[in-house]
Amino acid sequence: MATLFSHPISARNQISGKVAEINSGSTMTLVTVSAHGHRFVAAMTNEEAMELGVKTHDSVLALIESTQTMLVKGDATHLQISACNRLVGHVSHLRKDYATGSVTVTTESGKVTATISREGLEDMEIQDGEQVTALFKATDVTLQKF
């Protein structure tokens, strides 16, 4: 859990970075975050962006629920899919329960965990040390400014 919160938060995936770019449209704002050489995008309403007061070069913590993180075997950075955020890494921990499983991926931006069904985990035949890409949509990223 992040130490930046005065109260614990349940989001397992927490990546710190700096705001690299902000693009606002008529209703939505896209905030590009740079974290350890990777870039990813958070989408929020213009009102949320204004309330957060986010500006270029601000330090932020990106929160992504593990249940909103998808996995693809190998390097899927060029895969044509609407999930614009892609972090390539290697499986560093696998855990299987009765109904679900979790896969922790170590990337250059830090560790990211995906919670998937046990059936999905078995179908993918993911192994420790294997290269995978963690995917998550921009609308599934919540930003905290610090």
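Things to note:
- Residues satisfying the stated conditions in region 101-125, i.e. more than 17 Å from I64 (Cβ to Cβ) and surrounded by fewer than 19 Cβ atoms within 10 Å (Cβ to Cβ): S117, R118, E119, G120, E122, D123, M124, E125
- Checklist (1) outside the structural domain of V103 (by TED's automatic domain parsing); (2) surrounded by fewer than 18 Cβ atoms within 10 Å (Cβ to Cβ); (3) outside any strand (DSSP E or B) applied to L30, failing item: (3)
- Yes/no for L52 being modelled with pLDDT under 95 and either surrounded by 14 or more Cβ atoms within 10 Å (Cβ to Cβ) or within 20 Å of D123 (Cα to Cα) (or both): no
- When Q80 is tested against (1) within 14 Å of T133 (Cβ to Cβ); (2) in contact with a strand residue (DSSP E or B) (Cβ under 8 Å, 6 or more places away or on another chain); (3) surrounded by fewer than 16 Cβ atoms within 10 Å (Cβ to Cβ), just one condition goes unmet, and that condition is (2).
- Each residue in region 56-94 was checked for being under 9 Å from the mean Cα position of the chain (by Cα) and part of a strand (DSSP E or B), and 6 of them qualify.
- Residue selected from region 37-49 under the condition surrounded by 12 or more Cβ atoms within 10 Å (Cβ to Cβ) and in contact (Cβ under 8 Å) with a residue 24 or more places away in the chain, by the criterion farthest from T77 (Cα to Cα): A49
- Residue tally, condition in contact with a helix residue (DSSP H, G or I) (Cβ under 8 Å, 6 or more places away or on another chain) and either of a type in the set (G, A, S) or under 20 Å from G17 (Cβ atoms) (or both), over region 84-111: 5
- From D58, D140, D97, D128, residue being modelled with pLDDT of 95 or more, surrounded by fewer than 16 Cβ atoms within 10 Å (Cβ to Cβ) and not basic (K, R): D128
- Pairs, first in contact (Cβ under 8 Å) with a residue 40 or more places away in the chain in region 84-102, second among the aromatic types (F, W, Y) and part of a strand (DSSP E or B), C-beta under 7 Å, six or more apart: N85/F40; N85/F136
The values are calculated or read from the model by the stated rules, or taken from the named source; none is laboratory data. These numbers were taken from a predicted model, which means no experiment stands behind them. A quick note on method: Cβ atoms are made from the backbone with ideal geometry, for glycine too, and the neighbour counts reach across all protein chains shown.
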